[in-house]
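Notes follow the structure.
The values are calculated or read from the model by the stated rules, or taken from the named source; none is laboratory data. Predicted, not measured: the structure shown is a model, and the values here were computed from it. Virtual Cβ from ideal backbone geometry, glycine too; neighbours counted across all protein chains shown.
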Amino acid sequence: MTQVIRYNGFTPTEPVAEHPSGLWLQISGCFFGLAIAFSSGWVSAQDKVQEQEGEQRTALRPALPLYFSTSLDAPTALTKVPLSDEIARIAKGTDPNNKQQLVSLQKQQTEVAKRAPLVTVNLQHGNTQGSGVIVSGDGYILTAAHVAGRPNQRIHVVLHDGTRVEGKSLGLNRNEDAGLVKIVHPVRSPDNPWPHASLGSSTDLQPGSWVMAVGHPGGWQEDRPAVVRIGRLLRNIDSTLITDCALIGGDSGGPLFDLEGKLIGIHSRIGVEVDENMHVPLDVFYKSHERLIRSEAWGSLPGFRPYIGVEGASVEDSGGRCVIERVTPKGPADRAGIEPGDIIVRFDGQKITVFKELKDSVDAMVPGDSVEVELERNSRRMIVRIMIGSLNP
């Protein structure tokens, strides 16, 4: 007799019966994200199940959504450390009130701190470097948009042990500083996955929740693993998590974990005060993960808009090249010595053929970046260095 499987809002803890197509569906654990409007959401497939008596019944089978080719609580993820009932209460913001709770809290933090650096990477391209976190066995890396730079450029990925592998930047949600990178060489097989983090959710995080920030401040260092800082969530507002975990240059793009070792955010900006730093909530990545995988780029970075102060000649007047028509007086380009009539050939090592490519390259920068620009003036090639400015300092 074929078993009828019913669901009441949660996935089962044991394998379900064989699907009519011949595929097997096995989901472990309990999925807590019912109230979260993820972009891929729940997919309900109506499977007809026929009992021995011939009665037709319909069972709704929710399928766990995949993000960046992995799922929440993926069994191959490394960072999850189950919480005891006592620590679960403390994790949500309750202060420990006795020695035993302090010891238990320390043990929990120590175990997560052992695992988190294994999935935290250093990302390098051009004059830019930052951090990232591997979130799938086939090598997807979440980072900040301002670390990834622009889509489809080569990224050097430095693993926890110093091994360097080749990556490529994919999509950028600059409005919320969310970026995606993928390891492209070497390629790992399913039975030999890249070490990756357990995915969590940022929607229901409460102020006071214990969190752990990980990154490579100052870049990867041979005599020092990724640095772990422990703190608490101060605010969960709109598309930003604010914590008191201290961040410095090089931490941008690194992971923020909850006390269970689940990824909940990505480091974005260092606050004016050292104990107020901003992170991209993980649910922002979920909502736009399909666009990020397609290497789309949109928006501008929060709090500022990079610019150099030039306007391009019209298509008719440019002859299919990036010809500068106007230069803003005392702007970054003017201070660098760029003049009207100059033809931009390369920007930060990237070949430039039309003005739109120059605009896209500037949009991928961060104010304060120092960039090398190769240009042609009166049939002569020359190189200048320009400091990227901001329209919203």
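Descriptive notes on the structure:
- Hey, residue 317 assigned to a helix (DSSP H, G or I), surrounded by 14 or more Cβ atoms within 10 Å (Cβ to Cβ) and either assigned by TED's automatic domain parsing to the domain that holds residue 141 or among the acidic types (Asp, Glu) (or both) or not: no
- Residue in the range 367-382 that is of a type in the set (A, V, I, L, M), part of a loop (DSSP other than H, G, I, E, B) and in the same structural domain as residue 315 (by TED's automatic domain parsing) present: no
Okay, residues lined up against (1) buried (at least 19 other Cβ atoms within 10 Å of the Cβ); (2) not polar (S, T, N, Q); (3) not assigned by TED's automatic domain parsing to the domain that holds residue 207:
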{"site": "95", "(1), (2), (3)": "no, yes, no"}
{"site": "99", "(1), (2), (3)": "no, yes, no"}
{"site": "108", "(1), (2), (3)": "yes, no, no"}
{"site": "116", "(1), (2), (3)": "yes, yes, no"}
{"site": "122", "(1), (2), (3)": "yes, no, no"}
{"site": "125", "(1), (2), (3)": "yes, yes, no"}
{"site": "129", "(1), (2), (3)": "yes, no, no"}
{"site": "132", "(1), (2), (3)": "yes, yes, no"}
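- Residue 372 surrounded by 14 or more Cβ atoms within 10 Å (Cβ to Cβ) and over 30 Å from the mean Cα position of the chain (by Cα): no
- Any hit, the range 161-178, residues being in contact with a Phe, Trp or Tyr (Cβ under 6 Å, 6 or more places away or on another chain) and either crowded, with 20+ Cβ neighbours inside 10 Å or not acidic (Asp, Glu) (or both): yes
- If the condition is being surrounded by 19 or more Cβ atoms within 10 Å (Cβ to Cβ) and either of a type outside the set (A, V, I, L, M, F, W, C) or over 28 Å from residue 157 (Cβ atoms) (or both), then the range 243-255 contributes 243, 250, 251, 252, 253, 254, 255.
- Checking each residue in the range 75-104 for being within 21 Å of residue 233 (Cβ to Cβ) and assigned to a loop (DSSP other than H, G, I, E, B) picks out 79, 80, 81, 82, 83, 84, 92, 93, 94, 95, 96, 97.
- Lone qualifier among 177, 204 - being within 17 Å of residue 284 (Cα to Cα) and in contact with a Leu (Cβ under 7 Å, 6 or more places away or on another chain): 177
- Hey, residue 157 surrounded by fewer than 20 Cβ atoms within 10 Å (Cβ to Cβ) and out of contact with any helix residue (DSSP H, G or I) (no Cβ under 7 Å at 6 or more places or on another chain) or not: no
- The range 307-329, residues that are at positive phi and in contact (Cβ under 8 Å) with a residue 12 or more places away in the chain: 309, 320
- Odd one out for residue 290, checked against (1) modelled with pLDDT under 90; (2) assigned by TED's automatic domain parsing to the domain that holds residue 249: (1)
- Whether a residue is in contact with a Lys or Arg (Cβ under 7 Å, 6 or more places away or on another chain), part of a strand (DSSP E or B), among the aliphatic types (A, V, I, L, M) and closer than 20 Å to residue 276 by Cα was assessed, and residue 211 passes this test.
- For the range 105-146, the candidate set comprises residues that are part of a strand (DSSP E or B), polar (S, T, N, Q) and at pLDDT below 95; within that set, the residue that is farthest from residue 68 (Cα to Cα) is 128.
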